[in-house]
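The values are calculated or read from the model by the stated rules, or taken from the named source; none is laboratory data. Source: prediction; values computed, not measured. Virtual Cβ from ideal backbone geometry, glycine too; neighbours counted across all protein chains shown. The accessibility values were calculated without ligands, DNA or RNA, using every heavy atom of the protein model including side chains. Shrake-Rupley method; radii C 1.70, N 1.55, O 1.52, S 1.80 Å.
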Amino acid sequence: MNSNPGAITPAVLMPRQHVPALDVPLVSGGRYTLGQNPGENFDLIVFYRGLHCPVCAKYLLELERLTEKFAERGVRIVAVSSDGEERAHKMAEKVGGKGIEFGYGLGLETARQWGLFISASRGTTSIGLEEPDLFSEPGVFLVRPDGTLFYGSVQTMPFARPPFGDLLGAVGFALDKNYPARGEYGGAV
């Protein structure tokens, strides 16, 4: 039971069902619009907290090292935050983003539709950057070219995210074995 009667509960996305729309500008120019020019097998959408988060930078560095292997498996990668253009550019530079497309300006209503948790600023972080007033917490999603959810993971804070090496192995297994998205049952229990 929610102790705050006015609070909003994040959405829960269901595997094999369509995910919410996503349309954000890219630091490289143009836009990322879910469903337009999808990866052959998946779009890997990584929602990160923003430039202020050193854990996010480390996580995205891990992903950048694996981008060629994901591309070999037909996976398009986009990292998205609610940061503005300047901060998103700085994050892309920080991680040397060549294989990751960086989107910015994620609306918090859209973040909620994706089931992401929202945090309020606590001021300056350990790396001396101010947190935005409100920002989304991390989430990682694999979306099929038809716009349906294959895999999803959301966190309430920056720690203990799914390792990208494990996710890469899972993508390979799913493709090799034609493994379906799981967690799809939404009936009575």
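General observations
- Positions within the range 40-70 being closer than 15 Å to LEU106 by Cβ and more than 13 Å from the chain's Cα centre (by Cα), in sequence order: LEU51, HIS52, CYS53
- So LEU51, is it outside any loop (DSSP other than H, G, I, E, B) and crowded, with 22+ Cβ neighbours inside 10 Å: no
- Scanning the range 173-189 for residues that are in contact (Cβ under 8 Å) with a residue 24 or more places away in the chain and farther than 16 Å from ARG144 by Cβ turns up just one, GLY186.
- Odd one out for TYR32, checked against (1) surrounded by fewer than 18 Cβ atoms within 10 Å (Cβ to Cβ); (2) touching a residue at least 60 places away in the same chain (Cβ under 8 Å): (1)
- Within the range 6-23, none of the residues are of a type in the set (Lys, Arg) and surrounded by 19 or more Cβ atoms within 10 Å (Cβ to Cβ).
- Residues that are under 12 Å from the mean Cα position of the chain (by Cα), open to solvent by 40 Å² or more (accessible area, probe 1.4 Å) and aromatic (Phe, Trp, Tyr), drawn from the range 118-177: TYR151
- Residue match in the range 61-81 (condition: over 27 Å from ASN41 (Cα atoms) and hydrophobic (A, V, I, L, M, F, W, C)): no
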